[in-house]
Amino acid sequence: MNDTVDKLVIFLAKRDGIDKLVKTFQYVSKLVHWQVENTHPDVATKAKQWEVASGLSRKAFRSGRFLTGFNAVRRNPGPTTTFRLLAVLSNAGEMVYFFFDHFLWLSRIGVLDANLARKMSFISAFGESFGYIFFIISDCILIQEGIKTERKIIKSKMEESKDSNEKIKKIRVDRVMRLMAVAANLADLIIGLADIEPNPFCNHAVTLGISGLVSAWADSDNFE
């Protein structure tokens, strides 16, 4: 039975499509800015303004999203001790990310001291990266288990052919979904690392732009 938290999480999830679209605007404009920065400064300035506005809008859309991780751990932590631990670690990191992102947003729009922005950005990015590592580990374990199950079904001759084919199809669809999720989480991990430990690769406009687009559209949620 749905309680107040469940209903709030369902309500907040309705904004995910808008967030993905605005995220696309954010990272396309970043790539445009990089491409025309030296040749068309006026266009580059507009692209930069679009990127910043999109980023701030996304932070507003994500208000309250830290409750999603809390609800995931509360309602469906996993079937085994390993998956429960991974669920706690991954969702805890995501909760830190979304929670401190509120303060980052408020500091950037001038409600809070602007000097807090860098600190809030670091904490938020650290939580994000921490969580994505365990999301990736969890998906990789499930992909491996799916491969083993598929091989057992193929080798077994005791099951009906039609039933076996359906099970194999389901496993393969699940594998594709999880591979997409891993790609999206890896992309977000790169973006997080750019904030935590700036470096020429992660902070390059092309790396960030491509990572942002992959993160927006490789997420398995888009295909459910």
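The values are calculated or read from the model by the stated rules, or taken from the named source; none is laboratory data. Treat the numbers as computed from the prediction; the structure is a model and nothing was measured. Methodologically, a virtual Cβ is constructed for each residue, glycine included, from the backbone with ideal geometry; neighbour enumeration extends over all protein chains shown. Ligands, DNA and RNA are excluded from the accessible area calculation, which covers all protein heavy atoms including side chains. Shrake-Rupley method; radii C 1.70, N 1.55, O 1.52, S 1.80 Å.
Considering segment 137-146, and only residues there that are over 14 Å from M177 (Cβ atoms) and in contact (Cβ under 8 Å) with a residue 12 or more places away in the chain, the residue that is most open to solvent (accessible area, probe 1.4 Å) turns out to be I137. Residues in segment 89-112 that are surrounded by fewer than 21 Cβ atoms within 10 Å (Cβ to Cβ) and under 16 Å from the mean Cα position of the chain (by Cα): L89, A92, M95, V96, F99.
Assess whether A87 counts as being part of a helix (DSSP H, G or I), of a type in the set (G, A, S) and at pLDDT below 90. Taking the combined requirement at face value, the residue does not satisfy it. Can you name the residue in segment 69-83 that is among the hydroxyl-bearing types (S, T, Y) and part of a helix (DSSP H, G or I) and, of all such residues, is surrounded by the most Cβ atoms within 10 Å (Cβ to Cβ)? Selected residue: T82.
Would it be correct to say that K169 is closer than 30 Å to L213 by Cα, open to solvent by 100 Å² or more (accessible area, probe 1.4 Å) and charged (D, E, K, R)? Yes. The set of residues from segment 37-61 being surrounded by 16 or more Cβ atoms within 10 Å (Cβ to Cβ) and of a type in the set (D, E) comprises just one member, E51. Regarding segment 147-162, can at least one residue be identified that is within 29 Å of V5 (Cα to Cα) and either in contact with a helix residue (DSSP H, G or I) (Cβ under 9 Å, 6 or more places away or on another chain) or open to solvent by 40 Å² or more (accessible area, probe 1.4 Å) (or both)? Checking segment 147-162: not a single residue is within 29 Å of V5 (Cα to Cα) and either in contact with a helix residue (DSSP H, G or I) (Cβ under 9 Å, 6 or more places away or on another chain) or open to solvent by 40 Å² or more (accessible area, probe 1.4 Å) (or both).
Within this structure, W34 fails the test of being farther than 17 Å from I210 by Cβ, part of a helix (DSSP H, G or I) and open to solvent by 30 Å² or more (accessible area, probe 1.4 Å). Taking the criterion of being polar (S, T, N, Q), surrounded by fewer than 19 Cβ atoms within 10 Å (Cβ to Cβ) and touching a helix residue (DSSP H, G or I) at 6+ places or on another chain (Cβ under 6 Å), the only residue of segment 113-136 that qualifies is S121. Candidates are the residues of segment 180-224 that are of a type in the set (S, T, Y) and buried (at least 21 other Cβ atoms within 10 Å of the Cβ); the one that is modelled with the lowest pLDDT is S215.
Residue under question is D174, and the condition is that it be assigned to a helix (DSSP H, G or I), modelled with pLDDT of 90 or more and over 23 Å from L21 (Cα atoms); does it hold? Yes; evaluated as a whole, the condition is true for this residue.
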